[in-house]
Amino acid sequence: MNIIDFHTHRLDATDALISVDPRQFAPQSGKWYSVGYHPWHRVDQLADSDFDLLEQCARHEQVLAIGETGMDTLRGGDLEVQAQVYVRHLQVAAAVKKTVVVHSVRTAQQIIALRHNAGLDSVTLVIHGMRGNGHVAGMLIDAGCYLSYGLRHNPAAVLATPLDRLLIETDDSPADINDVACQVADTLALTAAEVKSLALSNARRLLEPST
Ligand SMILES: [Zn+2]
């Protein structure tokens, strides 16, 4: 497993965790995936059978994480429905013992509180596309989260992130992961190679099945 780009939607990406909708899951050899229903994509219309499909895909050996799932106050419709769908992803993650990739726009407190209220604090969360400030980063770190940064991020949050909780990603941008690594490296006064090495070892710790 060689994941440096922790979150992308590009199906041809290499050294990446590719996020796909379970209804479009068609694994290619040598690639790694996370599966989930994105909060922007009509999650109010999901049926029980869709969650059965999610769990089925979640057990696939090339699926290393669940998501992306989460909550977005600006897009994605009714927040109560988004919350319910997010918790169902957490339940699947607990059942298959995998990490969850979380999309959170102005919902950091709810993401953590919902996990706690569902009795699922043991499920590890990666907040992807982290754009919050240093204060939000600190709260999420205290809750055991990993934080994944793309090109658009708050440098204060990067500085507040312990190096063993730091990940990098391209998400839906055409950016090269090396550009992201360079930018984060500048903030941390490290080299891009050092940042990529940290991202790789953190991804391995998070995603490799503990046997
Ligand atoms: Zn995404």
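Bear in mind that the values in this text are calculations on the coordinates, not laboratory data. Values in this document were obtained by computation on a predicted structure and should not be read as measured data. Cβ placement follows ideal geometry from the backbone for every residue including glycine, while neighbour counts extend to all protein chains displayed.
Quick notes on this structure:
- The sum of -39500 (n - 2.57) across all DSSP H runs of n ≥ 4, divided by the residue count of the chain, sets its helix-only mean residue ellipticity at 222 nm to -12000 deg cm²/dmol.
- Contour minus Cα-Cα distance for Arg59 and Arg152 (0.36 nm per residue): 30.2 nm
- Unit charges on C-beta of K, R, D, E only; dipole of the chain, Debye: 260
- Projected label points at Ser201 and Val96, each 7 Å from Cα along the beta carbon direction, are separated by 2.9 nanometres.
- Whole-Å distance, taken between Cα centres, linking the stretch 29-104 and the stretch 131-169: 22
- Each distinct pair of alpha carbons in the chain adds a 1/r term; the inverse of their mean, the Kirkwood radius, is 16.8 Å.
- Bridges between two residues of the chain, per DSSP, are antiparallel at a rate of about 0%.
- Where trypsin sites (Lys or Arg not before Pro) fall in DSSP loop in the stretch 146-211, at most 13 other Cβ within 10 Å: Arg152
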